[in-house]
Amino acid sequence: MKIENFTFEELKNAFKECKELELPICVAIKLPNQKDPELIINGIDSLDNKLDYYQKTYDEKLVHKNNKDIRILSAFPIRFFYDEIDKAIAEDTE
C-alpha cells in the first residue's frame with residue numbers, strides 16, 4: 001500500500017481495480033488530531049458514487065477542499081470475507 005505522494009490517478013486506478021475484481025475498497029484518510037489514519041470501507045455497489053464524491057470534495061493533491069488538514073493517503077482493494085460481513089449487516093438492518 002502506497003501512502004507517500006499518493007496521486008489522484010492512483011486513487012482512480014484503485015477504484016477501477018476494485019470494480020474489475022468485484023471487491024470493496026478501503027480509503028485511508030489523514031484527519032486532524034488523530035494519530036492513525038481513518039480507514040473507510042465502501043462496498044462494491046458504492047464504488048462509482050464514492051469516487052464521484054471524492055472527485056467533487058478533494059483537490060488534485062487529495063486534500064479536502066473545505067479542510068486542508070484532511071487528506072486521502074491511500075486506497076486499495078479489501079480482500080477479506082466481505083460477503084459474510086455484508087450479509088450480516090443486511091440481516092441486522094432488516
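Along Cα→Cβ, 7 Å out, is where each label goes; now give me the distance between the ones at I41 and D59 in nm to one decimal.
Label at I41, label at D59, 3.3 nm between them.
First select every other residue whose beta carbon is under 15 angstrom from the beta carbon of N67; then total the charges, Lys and Arg +1, Asp and Glu -1. Provide the component values of the computation, followed by the final result.
Values: positive: K30, K56, K61, K65, K68, R71; negative: E38, D59, D69.
Result for the local shell: +3.
No lab work stands behind these numbers, since they all come straight from the coordinates. Everything quoted here is computed from the prediction, not taken from an experiment. Positions of Cβ are backbone-derived with ideal geometry, glycine not excepted, and every protein chain shown enters the neighbour counts.
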